[in-house]
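See below for the structure under consideration.
Nothing in this text is a laboratory measurement; each read-out follows from the coordinates by a stated rule. Computed from a predicted structure; not experimentally measured. Using ideal geometry, Cβ is built from the backbone for each residue, glycine included, and neighbour counts are taken over all protein chains shown.
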């Protein structure tokens, strides 16, 4: 089977869709299939990334960008000139998916993964969503099968768009749990490297530093509502210089900001953290949440995207209201810092939960089953899962 993934961003860019696509490419190749990626050169804008460009990836020139959404004429041309058994697109809200669906041959199988629904926080966002909805519906009309990351995402899709329920599968995100193992000595070295006192509780935020992730809520929760609490806060992620500078201005000396950290350091920081905080307004099912849980860390988050389908309040951590309020987040942080034994119990539960339900090997197998069904829809029975020579 020859699969081409089309995404607006891919590695070395750092993000959830990029990681999902990367894991899927590797799984397909390990199964003996041909897998490649067509993306935009907006993936190459971070010159400090610890990741590298990959082979069998076409980084197409970005023609224009609309609200951080790259448009690439070259991407359209490359997809139109390509030939694959199946095309896998990532989220209909990105112009790369619209370009691809216009370029893909009518007899090709197409699968789409929705990585969360776009939030409508402003009037501009609502107007753009209304204007774009016919284009998103056009994509759904052309797609053979759609993957969503949770039941609530499926319900929303079926409510807002004309999609056949039989052509929608719920397949969660996943991780390779074994790749996040680390030793006590490695954890101690990373704590020393980043000036983390192992006797002081550590709160970890790991995501893009953008308004949709609400890092400002964490900054205000600690700086304004927990002024006397002894703790360290690690804010790890990239963002616009002005926005990050504003976060740093509002933070106090308990905060440390980092970006573009190597993977080995990140996995040790998960284990070093007392709490993981992700108060996002928009998500699909973020791998950082699963990675933190795998490291026996309680999580404080919102029910954005499919998170509410996965995280149970007080069983895996704390679910905040949306939009999250700094005082509510501060109260949740204080609650768990005051209860170390409950933190440890939740941590043990989280690790077992992730390893039992969110192993990427199982996720990849389910995705290949969806490919099978999509190819059958296109009359390709008998050769859809035949490994490439």
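Gaussian network model of the chain, Cα springs within a sub-10 Å range: biggest mean-square fluctuation belongs to which of 125, 109, 295?
125
Percent relative contact order of region 177-357, based on C-alpha pairs within less than 8 angstrom and at least six residues apart? Could you put the intermediate results ahead of the total?
Values: 308 pairs, mean separation 43.5, N = 181.
Relative contact order for region 177-357 comes out at 24 percent.
Given that compact globular proteins tend to follow 2.2 N^0.38 Å, what is the ratio of the alpha-carbon Rg of region 156-293 to that value? Let's see the in-between values first.
Values: Rg = 17.4 Å, N = 138, 2.2 N^0.38 = 14.3 Å.
Compactness ratio reported: 1.22.
How far apart, in nm, are two points set 7 Å out from the Cα along the Cα-to-Cβ line at residue 170 and at residue 127?
Going by the 7 Å Cα→Cβ label model, 3.7 nm.
Which order, highest average first, do 192-201, 264-273 follow once you tally other Cβ atoms within 10 Å for each residue and take the mean per peptide? Intermediate results must be reported in sequence, preceding the final value.
Values: 192-201: 12.6, 264-273: 21.2.
Taking the mean over residues of other Cβ atoms within 10 Å, the ranking is 264-273, 192-201.
Rounded to the nearest 5, what % of the DSSP beta bridges within the chain are antiparallel ones? Present the calculation step by step, with values, prior to reporting the outcome.
Details: 3 of 47 bridges.
Around 5 percent antiparallel, to the nearest 5.
What FRET efficiency comes out for the pair residue 334/residue 118, r = Cβ-Cβ distance, R0 = 30 Å, nearest 0.05? Provide the component values of the computation, followed by the final result.
Details: r = 33 Å, r/R0 = 1.10.
The value I calculate is 0.35.
Using only Cα atoms, find the angle between the long axis of helix 151-160 and the longest principal axis of the chain, and express it within 0 to 90 degrees, rounded to the nearest 10.
Computed tilt is about 50 degrees.
Please provide three numbers in whole Å: the alpha-carbon extents of region 260-341 along the principal axes, with the largest listed first.
33, 30, 22
Per the helix-only calculation at 222 nm, which mean residue ellipticity applies to the chain, given -39500 (n - 2.57) for every DSSP H run of n ≥ 4 and division by its residues, nearest 500 deg cm²/dmol?
Values: 14 runs with 164 residues, N = 389.
Per the formula, -13000 deg cm²/dmol.
If you build a Gaussian network model of the chain, linking Cα atoms that sit under 10 Å apart, which residue out of 225, 281, 88 swings the most?
So, out of 225, 281, 88, the one fluctuating most is 225.
Compute the length gained on full extension between residue 158 and residue 246: take 0.36 nm times their separation in residues and subtract their Cα-Cα distance, giving the result in nm to one decimal. Each step should come with its number before you reach the end.
On the way: separation 88, 0.36 × 88 = 31.68 nm, distance 3.93 nm.
Once the chain is fully extended between residue 158 and residue 246, it gains 27.8 nm.
So, in Å, what gap is there between the alpha-carbon centers of region 64-84 and region 253-280?
What the calculation gives is 34 Å, centre to centre.
For the chain, find the longest principal axis of its Cα atoms and tell me its angle to the long axis of helix 123-142, 0 to 90°, nearest 10.
With rounding to tens, the tilt is 40 degrees.
Say each of residue 73 and residue 193 gets a label point 7 Å from the Cα, pointing the same way as Cα to Cβ; how far apart are those two points in nm?
Inter-label distance under the simple model: 4.5 nm.
Could you give the semi-axes, largest first, of the ellipsoid that matches the chain, computed as the square roots of 5 times the alpha carbon gyration tensor eigenvalues and rounded to whole Å? Spell out each step's value before the answer.
Numbers: eigenvalues 261, 97, 83 Å².
Value: 36, 22, 20 Å, ordered largest first.
Any idea what the alpha-carbon Rg over 2.2 N^0.38 Å comes to for region 108-182? The partial results should precede the final answer.
Working: Rg = 15.1 Å, N = 75, 2.2 N^0.38 = 11.3 Å.
Compared with the compact-globule rule of thumb, region 108-182 sits at 1.33.
Note the angle between two axes, namely the Cα long axis of helix 16-30 and the longest principal axis of the Cα atoms of the chain, as a number of degrees from 0 to 90, rounded to the nearest 10.
60
So if R0 is 56 Å, what FRET efficiency would residue 26 and residue 228 give, r being the distance between their Cβ atoms, rounded to the nearest 0.05? Could you put the intermediate results ahead of the total?
On the way: r = 47 Å, r/R0 = 0.84.
My answer for the efficiency is 0.75.
Residue separation times 0.36 nm, minus the C-alpha to C-alpha distance between residue 256 and residue 64: what's the value? All intermediate terms of the calculation are to be shown ahead of the outcome.
Values: separation 192, 0.36 × 192 = 69.12 nm, distance 3.47 nm.
Full extension of this stretch gives 65.7 nm more.
With 5 Å bins from zero, work out the P(r) of region 208-260 over every alpha carbon pair and list the percent per bin.
Binned Cα distances yield the sequence 4, 21, 35, 24, 11, 4, 0.
So if R0 is 22 Å, what FRET efficiency would residue 107 and residue 138 give, r being the distance between their Cβ atoms, rounded to the nearest 0.05?
Details: r = 18 Å, r/R0 = 0.81.
Given R0 = 22 Å and the Cβ-Cβ separation, E is 0.80.
To one decimal place, what orientation-averaged projected area in nm² is obtained for the convex hull of the Cα set of region 249-389?
Values: hull surface 48.8 nm².
Value for region 249-389: 12.2 nm².
Return the single residue from 133, 213, 159 with maximal mean-square fluctuation; model: Gaussian network over the chain, springs between Cα atoms under 10 Å.
Residue with maximal mean-square fluctuation among 133, 213, 159: 159.
Please rank 313, 22, 145, 90, fewest neighbouring Cβ atoms within 10 Å first, as an exposure proxy.
Values: 313 11, 22 18, 145 23, 90 29.
Going from least to most buried by this count: 313, 22, 145, 90.
Got a sec? How would 68, 322 order by Cβ neighbour count within 10 Å, fewest to most? Before the final figure, lay out the partial values.
Numbers: 68 10, 322 16.
Ascending Cβ contact count within 10 Å gives the list 68, 322.
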